Amino acid sequence: MIECRHITKVYNTGAGAAPALQDVSFSIAAGEFVAIIGPSGSGKSTLMHILGALDTPTGGEYFLDGKDVSQLSDDDLADIRKNKIGFVFQSFNLLPRATVLRNVMLPLVYADIPKVERERQAKIALHNAGLDESHYYHLSNQLSGGQMQRVAIARALVNNPSLILADEPTGNLDTKTGEIVLGTFQRLNRDHNHTIILITHEHDVAEHADRIIHIRDGRLIDDVKNGQRREIIENS
């Protein structure tokens, strides 16, 4: 589903070229639950932006569902984000004075889906994200942090994307609530076969995934699936 081939990203600053990613190669199959972990400044956020079609690499190739995303125009990247990727962010990014249902329906408004169908799909997404039906007509700012994050997960699911990309999704949650949200991701992966990439700097969060890719100083330094370390192929 995902294939990154020798991805590099260099930012031009006043002090000169600043490499953020250097020769990063890996693939992710459909239905995997993968955590990408690294400290601040490791390049994991840059990699997330490339995987999410929010940015393009300076060098290398990024394929999503067989399409070379690294060569697409801005309009094509926007279509990829709209149709193939569901985003879950640390800060939830919900409309505070809109109902839960309206927040989840919003991506379908942009897709010109009829209202009755929007509501049906939004309720399915909310159910799959584990939010109780009694909260569907609450305003999002009336919810707890864990409930808001489950609404954000439902919004990411509502377009039935190929990929769910979660950026530090437990960063604003206490430990117990974070465990509940991470359990939601595990259930979505296990029961609904959603492909999930979780970006984090916390090892205990990463361990909820089935595979952990470790980034440091812009390089992939470790790739472990179910306790088995994968070979990292260096560019010759």
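Before moving on, here are some points about what is shown:
- Test for Ala156: is it hydrophobic (A, V, I, L, M, F, W, C) and under 15 Å from the mean Cα position of the chain (by Cα): yes
- Residue within the stretch 9-20 that is crowded, with 18+ Cβ neighbours inside 10 Å, part of a loop (DSSP other than H, G, I, E, B) and either touching a Leu at 6+ places or on another chain (Cβ under 6 Å) or at pLDDT 90 or above (or both) present: no
- Selected residue (criterion: surrounded by the most Cβ atoms within 10 Å (Cβ to Cβ)) from residues of the stretch 21-45 that are within 14 Å of the chain's Cα centre (by Cα) and closer than 21 Å to Asp204 by Cα: Ile36
- Residues satisfying the stated conditions in the stretch 133-181, i.e. aliphatic (A, V, I, L, M), surrounded by fewer than 21 Cβ atoms within 10 Å (Cβ to Cβ) and not in a loop (DSSP other than H, G, I, E, B): Leu139, Ile180
- Residue check, Asn83 in contact (Cβ under 8 Å) with a residue 12 or more places away in the chain and outside any helix (DSSP H, G or I): no
- Near pairs, Cβ below 6 angstrom, 6+ apart or cross-chain, from the stretch 1-26 (within 23 Å of Leu64 (Cα to Cα)) to any residue that is acidic (Asp, Glu) and not in a loop (DSSP other than H, G, I, E, B): Arg5/Glu61; His6/Asp23
The values are calculated or read from the model by the stated rules, or taken from the named source; none is laboratory data. None of the values given here were measured: they were computed from a predicted structure. Because the Cβ atoms are built from the backbone with ideal geometry, glycine has one as well, and the counts that use them run over all protein chains shown.
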